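The values are calculated or read from the model by the stated rules, or taken from the named source; none is laboratory data. The shown structure was predicted, so the numbers you read here are calculated from the model rather than taken from an experiment. Methodologically, a virtual Cβ is constructed for each residue, glycine included, from the backbone with ideal geometry; neighbour enumeration extends over all protein chains shown. Accessible surface areas use protein heavy atoms only, side chains included; no ligands, DNA or RNA. Shrake-Rupley method; radii C 1.70, N 1.55, O 1.52, S 1.80 Å.
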Amino acid sequence: CAQCNMRPLALTHRQFPFPYQPYTIQEQFMQSLYCALEQGKVGIFESPTGTGKSLSLICGALSWLRDYEERKRHETAALLQGGEASLSTSSTLPSATPQSSSTCSSSEPDWITDFVQKKAERDMVSKLKDDELKRKKREEKLEMIRNNVQLKYAMKRKGCEDDEAFKLLQLSKEDPAEASGDPEEEELIIADYESDDESKTKNKFCVAEDDEDDDLVEEHVTKIYYCSRTHSQLAQFVHEVQKSPFSQEISLVTLGSRQNLCINEEVRRLGSIQRINDRCLELQKNKQEKQHHEEGVKRKRGPAKSVCPYHGAAALQQLRDEVLGKVHDIERLLTLGRETHACPYYATRFAVPPAQLVVLPYQMVLHEATRRAAGVQLKGQVVLIIDEAHNLSDTLSCIHSTELSGVELCRAHSQLTQYSERYKSRLKAKNLMYVKQILFVLEGLVRALGGESVWAEMRTDLLTINNFLFKAQIDNINLFKVVSSIIYCIQAVTAAIWRTPLCGFMEKYGGTGVTPHVQTSSNKENRCTDGLNRYLQTLQSSQTDQKGSAELEKVVSASPMMHVEGFLMALTNSNTDGRVVVHRQGTLADSSVKFLLLNPAVHFAQVLKECRAVIIAGGTMQPVSDFKQELLFSAGVGEERITEFSCGHVIPPENILPIVLCSGPSGQELDFTFQNRDAPHMMDETGRILSNICNVVPGGVVCFFPSYEYSRRIISHWEASGALARLSNKKKIFMEPKKASQVEQVLSEFSRCIQRCAVAGGGLSGALLFSVVGGKMSEGINFSDDLGRCVVMVGMPYPNIKSPELQEKMSYLDKHLPHSGGRSPGQALIENLCMKAVNQSIGRAIRHRGDYAAIVLCDRRYSRPSTLSKLPNWIKDQTNTHTTFGPAFAALRKVRNRSSHSLTPKVLR
């Protein structure tokens, strides 16, 4: 292997541990995966949903990891034996003398060369011994954890309880005469700040590591990172690991957000993830202060600051060991956290270094700052598996794009101004200067949005980063130094000291005479923020109105400082890699400024460079060529490092019936272009198609529309024409809900309706579900068995070509990527976005080997060879194009003929 010092394994056909007899395509998948990991490749793996992709990933990757570790042990032992033998041999040889070793003036004497060589050998042997000793200790500790975790920490917990009782006793003996000043005011004063130029080695804002936490920090071992889009997908993957042959020997840890892993009810009920993060960091700061006082520094009297009761080092270590000892999902982690009185969020992070398999969301591995905060290290012999990667490019762009609203700018400016005015006499000059720097940048951002309260026109401007900085009049700021120090100041103060006063400042001092900052002078400097000040006045006056108060409460529910930090950080990107979108919407409050990342490869390049191997997997990865061009080649990956694997489905060919329908029952050509789709005759023909399908297809039919707006218009037309009533006579109609929280309820009712119809018979033959491509039911929902005997795609879901952001992305691709096949990269982007959405939607129906369904693509444009080529191979190979409705209708009757073999319907997430 080119990326490791060990001899590569012979890449021959091998047997993989598997919980049952694998399909042939699963064996091929695992073999290709093993080869890709061994050779350090970037692999693109496509395996349709229902073919056991997750188990193939688990068994193939963990087999490689097990073999790699075994081979590493053998070669380490061989090197140790050879190194010690060489040292013992060389020590018995006579040493060279300085007089006889020098042959010429330009070469080193032999005794120096011999000394350096022996020292290098000794160092190598010493390092190998240390590594081997650490490995044995890790294995012994893990074995001990698996054998008896509770007994190991019973005495340690009792000792911690005794220590806590002693600390409480000492705290009660504090001298009350030591109190001075207002303790609530003191906690709002910023500590000393030293920039990089003032201090290279000291950081007063970073919270120091607990001394008692030192034994929680370990070196990283060779590991596999598995990431996916949602926590439900991660939970499903963990359940697959539990079913695999590796469940008893692998150490797995699942990472998540505080919102998912926090067990402190006081913090959990805050609701929003931003407020949960704020409160958690504040409790950690209080813990540091408490430990500082316990070390001998007298504590000033005042209200006791609360600390998190789930952050004790002994409890965290116990929970960490529980996590490493057995494979747990998030639900079990929460239960263990409550049982051990330890925080699952921090315990799982402590478990990352010794873990062999780390399961985590996209954000934690694809975003550098989040990756660093989570303790995720990609350097070394690390394998990264990115699952559900069909939208990886868009995901990278979204993760690194950020938007800042006028409301957030106003709130940030108001809070900082109030803070500096109230405490300017108590702030040190340096700290006050940093606050004013942040205020200057915020005022510049307001200038870029217009700086006035009302505009006659609404418009959207796209600017390069440099042009935006010039428009905001902050182009003279060195982004890589001054803005970085401003961001650092925001980040540090927000995390350690500022968080409480700035987030809750308006609430805390709302009744003490402190009002939103309004400047009264009319000099030029103040006129630039007149619009901001007038908006703050409207916020203050609106508190008398009940509706205004509700909106204000919603607005101030989270701190704006992290959003400001994120936007300023985005402005440090290269001028060519992104654009700034300025939306003016009548008032400053409704306007916003957004950073749009155009080149996701610039952030993905670091991931590709650091990892040994990267596996990009999904059920529908087509089209692969454009994916490689935009994300891999642009990131500097050569063709020789890329490997591809694609397989068909496990279902028999006759179990799927894909149909391209070019015309309807009355002979009307199906052309759902933007110009034609709203025509009444087109909507009527679509209704007739659905009516015929519902006549012959039993069970569930799922119909996808290209957009919510078109769904609303066509259903309203059917309601007026009576077509909707005719459909409801054959199947009960369900609509995709507007709220995500209602999805489960709709799916449950949809499933129960189909079950009742299958048992009772009668006039209704099942249910019809109207959904939207890219909506809540087009991804992550499985319409298996009778839930989805037919999927109907109405039109082609092209994105809004008039979107300024999309136009800018197309322009960027046309300029930076090569043209191929007679089309521009921008045009290819539009087609790929459309067909990826189609592939995700139509793949909802076939979920296992015994499943069967029809897929009806209602638009003549699907018959184009270039469009058909973008369908998954297992669908494309079986697709038939029908220019008339009759033959298509006859083919659909096959679904009805198989209804007697249908399985019990169920919804799978």
Does the stretch 749-766 contain any residue that is more than 22 Å from Tyr710 (Cβ to Cβ), among the hydroxyl-bearing types (Ser, Thr, Tyr) and part of a helix (DSSP H, G or I)? yes
The correct count of residues that are touching a residue at least 24 places away in the same chain (Cβ under 8 Å), open to solvent by 30 Å² or more (accessible area, probe 1.4 Å) and not in a loop (DSSP other than H, G, I, E, B) in the stretch 854-873 is 5
Given the structure, is Leu479 open to solvent by less than 40 Å² (accessible area, probe 1.4 Å) and at pLDDT 90 or above? no
From the list Lys424, Lys428, which one is without any contact (Cβ under 8 Å) to a residue 24 or more places away in the chain and among the basic types (Lys, Arg)? Lys424
Please report, ordered by residue number, the strands (runs of 3 or more DSSP E) entirely within the stretch 599-664 with at least 1 residues that are under 23 Å from the mean Cα position of the chain (by Cα). 613-618
Total residues in the stretch 700-713, condition open to solvent by less than 60 Å² (accessible area, probe 1.4 Å) and farther than 22 Å from Met835 by Cα: 1
Those residues of the stretch 762-776 which are modelled with pLDDT under 80 and either surrounded by 23 or more Cβ atoms within 10 Å (Cβ to Cβ) or under 21 Å from Glu719 (Cα atoms) (or both) amount to Gly763
Across the stretch 863-909, what is the total count of residues that are within 41 Å of the chain's Cα centre (by Cα) and at pLDDT 60 or above? 21
For the stretch 687-694, indicate whether the set of residues that are among the basic types (Lys, Arg), touching a residue at least 40 places away in the same chain (Cβ under 8 Å) and open to solvent by 40 Å² or more (accessible area, probe 1.4 Å) is non-empty. no
Considering the stretch 716-761 alone, what residues qualify as being surrounded by fewer than 13 Cβ atoms within 10 Å (Cβ to Cβ) and polar (S, T, N, Q)? Ser716, Asn729, Ser741, Gln742, Gln745, Ser748
Does any residue of the stretch 497-508 turn out to be among the acidic types (Asp, Glu) and at pLDDT 60 or above? no
Quickly run through the stretch 665-677 and pick out the residues that are surrounded by fewer than 17 Cβ atoms within 10 Å (Cβ to Cβ) and either assigned to a loop (DSSP other than H, G, I, E, B) or among the aliphatic types (A, V, I, L, M) (or both). Pro665, Ser666, Gly667, Asp671, Thr673, Phe674, Gln675, Asn676
Out of (1) buried (at least 21 other Cβ atoms within 10 Å of the Cβ); (2) out of contact with any Gly (no Cβ under 8 Å at 6 or more places or on another chain), the odd one out for Gln606 is which? (1)
Please tell me if Leu384 is closer than 29 Å to Phe567 by Cα and either modelled with pLDDT under 90 or open to solvent by less than 10 Å² (accessible area, probe 1.4 Å) (or both). yes
Scanning the stretch 111-121 residue by residue, the ones that are open to solvent by 80 Å² or more (accessible area, probe 1.4 Å) and modelled with pLDDT of 70 or more total 3
